[in-house]
Structure formats: structure tokens, C-alpha cells
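Notes follow the structure.
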Amino acid sequence: MGYIQNLRKYVGTAPLIMVGACVLIFDEDDRLFLQLRKDNGNWGLAGGSMDLGESLEEVAIREMKEETGLVPEQLDLFMTFSGKDFYYQYPHGDEVYNVVTAYICRDYKGKLRADENEASELRFFSLESLPETISPPDRLVIEKYLSVYSNEGRI
């Protein structure tokens with residue numbers, strides 16, 4: 001059981017500061033990986049919360065492997081996000097203020113496979129045709145990526 005899940009035993013659904021990492025994974029055609037999340041029915045990046053003693057890079061590597069079957073050969077630090085825009089309430093009521101460090105990965109090995117507990121579909125999307133239903137915290141990360149690396153800016 002993870003650190004956040006253990007805290008929930010004591011605080012219930014009250015807001016927590018949740019530290020974690022996510023990975024913007026790109027294939028050889030510069031398409032962005034997204035997974036269709038089972039918890040909120042939205043598309044999202046690979047990522048999750050930090051466990052005690054982990055570094056942010058270790059979180060990114062662990063979550064990428066667990067959620068996609070892919071193992072990064074190289075991760076590049078993109079940016080850390082926090083603040084009121086990263087408040088999120090999960091469908092079951094848990095509230096968090098995310099502090100998330102995003103990494104970019106273009107070099108990885110392994111075979112793509114879904115974590116059946118977390119995702120119902122895995123897909124790479126062209127940056128010009130991203131799905132409309134993207135998980136709110138991930139949408140902000142992707143929009144920032146687009147504003148930095150392309151002329152798109154908003155999805």
C-alpha cells in the first residue's frame with residue numbers, strides 16, 4: 001500500500017499535498033502516449049505519487065514501467081507544477097493539491113501493455129489530434145509542453 005493510501009486512513013478524503021511525477025512519452029513519430037484511466041474515464045499521462053524514500057526520477061521510472069510496460073533509457077526533466085490550478089478531486093471524493101514533476105521520454109525499451117487496474121486503453125496521439133477528455137492535472141502539463149515546444153498552446 002502506498003504512502004498516500006496509508007495517510008487516507010487517518011485523514012479520510014481531506015485535501016492532501018500529493019507529490020509525484022509524470023512522463024510525457026513520445027514515439028518515433030512524435031506522438032504523445034496517453035492512457036484511458038479507469039478512475040475518471042479521461043485520458044492521462046503515465047505517472048503517480050511518490051512513496052517514502054523515493055526520488056522524483058524513481059517515481060517517474062516506476063510509474064512508467066507499471067502503467068505502460070515501457071522502461072525509460074533516458075528521462076529529461078521538463079518542469080515542476082504546483083499551486084491552486086493543480087487541485088484535483090478524484091471521483092471517489094479524495095482531494096489533493098498536486099506537486100508534480102514532469103519528465104519527457106523519447107528513448108525507451110519494452111513492449112506496451114496496460115496496467116489492467118488503472119487503464120482500459122493505451123494509445124499514442126498526434127499532438128494535433130489529442131482527445132478532448134484529458135484528466136485535468138495532465139491537461140495543464142500537456143498545455144505547458146505545447147506552449148513551450150510548439151505553436152499550439154492549448155488543447
Could you list, in sequence order, the residues of segment 128-155 that are assigned to a helix (DSSP H, G or I), under 19 Å from D30 (Cβ atoms) and of a type in the set (A, V, I, L, M, F, W, C)? V141, I142, L146, V148
Which of the residues belonging to segment 86-140 are in contact with a Cys (Cβ under 6 Å, 6 or more places away or on another chain) and closer than 16 Å to L32 by Cα? A102
Considering residues of segment 57-77 that are touching a Ser or Thr at 6+ places or on another chain (Cβ under 9 Å) and either surrounded by fewer than 19 Cβ atoms within 10 Å (Cβ to Cβ) or among the polar types (S, T, N, Q) (or both) only, the residue nearest to K111 (Cα to Cα): E57
For segment 103-127, how many residues are outside any loop (DSSP other than H, G, I, E, B), crowded, with 16+ Cβ neighbours inside 10 Å and not hydrophobic (A, V, I, L, M, F, W, C)? 2
If we scan segment 80-102, do we find a residue that is more than 23 Å from M18 (Cβ to Cβ), modelled with pLDDT of 95 or more, of a type in the set (S, T, N, Q) and in a strand (DSSP E or B)? no
Filtering segment 45-72 down to residues that are assigned to a loop (DSSP other than H, G, I, E, B) and either of a type in the set (A, V, I, L, M, F, W, C) or within 14 Å of I25 (Cα to Cα) (or both) yields L45, M50, L52, G69
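The values are calculated or read from the model by the stated rules, or taken from the named source; none is laboratory data. From a predicted model like this one, the values you see are computed outputs, not experimental measurements. FYI the Cβ positions are ideal-geometry reconstructions off the backbone, even for glycines, and counts take in every protein chain you see.
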